[in-house]
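Asks: Structure below; questions to follow.
Bear in mind that the values in this text are calculations on the coordinates, not laboratory data. The structure displayed is predicted, hence computed values, not measured ones. Backbone-built Cβ (ideal geometry, glycine too); neighbour counts: all protein chains shown.
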Amino acid sequence: MKVIIQIPCKNEQDMLPVVLSELPTTLPWVDIVEYQVIDDWSTDQTYKIAKSLWVHHVVQFRKNRGLGNAFKAWVTNALLQGADIVVNTDADNQYPWEYIEQLVAPILAGKADIVIGDRNPTKSPHFHRLKKKLQWLWNWVVGSLAWVAMPDAVSGFRAYSKESLLVLNVTSQFSYVIDTIIQAHKKWLQVDRISIHTNPPTRPSRLFDNIFQHIQKSTANIVRVYTMYEPFRIFFLASVPFFLVWWFFIFRFFWLFFTIWSDWNIQSLILAAMLVMVWFNLFSLGVVGDVIAKNRALIEESMTMIKKLSDRRG
Ligand SMILES: Nc1nc2c(ncn2[C@@H]2O[C@H](COP(=O)(O)OP(=O)(O)OP(=O)(O)O)[C@@H](O)[C@H]2O)c(=O)[nH]1
Ligand SMILES: [Mg+2]
């Protein structure tokens, strides 16, 4: 049984040595514990520090690709290195290493595929009020979409089983945390959580410049990922209001035509025609999207097969 503890890094020369010095070298029921660093085009000494501290696997990007792309790289590399479980922790030392044992335990026991370290964000003393409210909102939205009680959907402290990494495919550039939860539901993976406390913040977020960018990126991410997996539901729901308003205008047109007016009420007719066209376009997009989603599912199955085969050869 091999666990790889993985750390995404963007200019983390100050905190990376601290995080690495605290990580466990052994875990119960685990034969090998290794570390992996993904250096996403850091302009400081992150890469050199990771190398000098004997991190087992260091991957360096030549351009900043974002956390979502880093996820793809760390999954590929960890699977090639024979990982059975991959734990992700952040380089800002937010997540205490003591919880790693608890984080992998449900996977080792065969009870979960993904385990999330729940920071209890609405009560955390380290988050300011607006961040707490936003966290609550994301958790509610993501939890509803993924049909799972999700108290901390954006926590980066997670353990993934090899089986889950074989079927998860992230397409977002800036992050993977929401993608993987929504996909977990679609791919019948068991998501579990453990309660954790966090260390005090060491610096502001590197992922978002400000709270508005946070809202914009996270909202776009949730909408895109959900649309990718449930296009028919999204476009059908978007089309319903147009259909209902169309009924009103078409009814109004015929009512006036046959009762009060002798002349045609052309405005209602034009509006009804426009509404029915919009409704039909949205509905058709849902059908086309559904067919594309089915194709995507087939492609994903092939990708899982390729990953399994390359794992066997490696
Ligand atoms: N690969 C990669 N990693 C990044 C990038 N930006 C940040 N990170 C890493 O992602 C992890 C989380 O970043 P943080 O800056 O702590 O962001 P955050 O956790 O949303 O913010 P806080 O909740 O305020 O800590 C850290 O290990 C960063 O080094 C990036 O562009 N690419
Ligand atoms: Mg952080």
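Asks: Would you mind giving the average projected area, over all directions, of the Cα convex hull of segment 94-253 in nm² with one decimal?
Replies: The Cα convex hull of segment 94-253, projected and averaged over all directions, gives 11.8 nm².
Asks: Take the Cα of ASN120, step 7 Å along the line toward its Cβ, and report every residue of segment 144-180 whose backbone nitrogen sits under 15 Å from that point.
Replies: 151-152
Asks: Add +1 for every Lys or Arg and -1 for every Asp or Glu among the other residues with Cβ under 13 Å from the Cβ of ILE292, and state the total. Can you show the working numbers first?
Replies: On the way: positive: LYS294, ARG296; negative: GLU230, ASP290, GLU300.
Net of charged neighbours comes to -1.
Asks: Count charges around ALA78 for me, please; just the other residues with Cβ under 10 Å from its Cβ, Lys/Arg as +1, Asp/Glu as -1. Kindly include the intermediate steps, with their values, before the conclusion.
Replies: Details: positive: LYS2, LYS162; negative: GLU34, ASP84.
Local charge sum for ALA78: 0.
Asks: Quick check: net charge around SER42, other residues with Cβ under 13 Å of its Cβ, Lys/Arg +1 and Asp/Glu -1?
Replies: Values: positive: LYS10, LYS48, LYS51, ARG62, LYS63, ARG65, ARG206; negative: GLU12, ASP14, ASP39, ASP40, ASP44.
Residues close to SER42 contribute a combined charge of +2.
Asks: Extent of segment 231-306 along each principal axis, from alpha carbon coordinates, in Å, largest to smallest?
Replies: 69, 14, 13
Asks: Tell me the angle of helix 67-80 to the major Cα principal axis of the chain, expressed in degrees between 0 and 90 and rounded to the nearest ten.
Replies: 50 degrees
Asks: May I ask you to compute the full-extension gain from LYS2 to SER302, defined as 0.36 nm times their residue separation minus their alpha-carbon distance, rounded to one decimal in nm?
Replies: Details: separation 300, 0.36 × 300 = 108.00 nm, distance 2.54 nm.
Stretched out fully, the LYS2 to SER302 stretch lengthens by 105.5 nm.
Asks: Here's something else I'd like to know. Just to confirm the number: angle between the C-alpha axis of helix 177-186 and the first principal axis of the chain, 0 to 90 degrees, nearest 10?
Replies: Roughly 70 degrees between the two axes.
Asks: Mind giving me the FRET efficiency for TRP247 and ASN295? R0 is 25 Å, r the Cβ-Cβ distance, nearest 0.05 is fine. Show your work: numbers first, answer last.
Replies: Working: r = 34 Å, r/R0 = 1.36.
After rounding to 0.05, the efficiency reads 0.15.
Asks: So what are the ³J(HN,Hα) numbers for segment 57-64, from phi and the Karplus equation (6.51, -1.76, 1.60; θ = phi - 60°), rounded to whole Hz, Gly and Pro as x?
Replies: Rounded to whole hertz, the list is 9, 10, 10, 10, 8, 8, 9, 6.
Asks: Quick one: angle between helix 231-258 and the longest Cα principal axis of the chain, in degrees between 0 and 90, rounded to 10, please.
Replies: Once rounded, the angle reads 10 degrees.
Asks: Between ILE260 and TRP147, what FRET efficiency comes out of the Förster formula 1/(1 + (r/R0)^6) with R0 = 45 Å and r the beta carbon distance, rounded to 0.05? Could the numbers behind the result be given before it?
Replies: Values: r = 50 Å, r/R0 = 1.12.
Plugging the Cβ-Cβ distance into 1/(1 + (r/R0)^6) gives 0.35.
Asks: Compute the relative contact order of the chain as a whole-number percentage, counting only Cα pairs closer than 8 Å that sit 6 or more residues apart in sequence.
Replies: Working: 500 pairs, mean separation 53.0, N = 314.
Relative contact order for the chain comes out at 17 percent.
Asks: Using the C-alpha atoms of segment 2-229, what convex hull volume per residue, in cubic angstrom, is computed?
Replies: On the way: hull volume 25.5 nm³, N = 228.
For segment 2-229, the hull spanned by Cα atoms encloses 112 Å³ per residue.
Asks: Are there trypsin sites (Lys or Arg not before Pro) in segment 9-94 that DSSP puts in a loop and that have at most 13 other Cβ atoms within 10 Å, and which ones? Please list the in-between numbers first.
Replies: Values: sites: LYS10, LYS48, LYS51, ARG62, LYS63, ARG65, LYS72; in loops: LYS10, ARG62, LYS63, ARG65.
Taking segment 9-94 and a limit of 13 other Cβ atoms within 10 Å, the loop trypsin sites (Lys or Arg not before Pro) found are ARG62, LYS63.
Asks: Over the Cα atoms of segment 163-213, how large are the radius of gyration and the largest Cα-Cα distance (Dmax), in Å?
Replies: When restricted to Cα atoms, segment 163-213 yields Rg and Dmax of 14.4, 37 Å.
Asks: Okay, next question. I need the chymotrypsin sites (Phe, Trp or Tyr not before Pro) found in segment 76-185, filtered to DSSP loop residues with at most 14 other beta carbons within 10 Å of theirs.
Replies: On the way: sites: TRP97, TYR99, PHE127, TRP136, TRP138, TRP140, TRP147, PHE157, TYR160, PHE174, TYR176; in loops: PHE127, TRP147, PHE157, PHE174, TYR176.
Within segment 76-185, the qualifying chymotrypsin sites (Phe, Trp or Tyr not before Pro) (loop, at most 14 other Cβ atoms within 10 Å) are TRP147.
Asks: Find how many whole Å separate the alpha carbon centroid of segment 129-157 from the alpha carbon centroid of segment 264-289.
Replies: 36 Å
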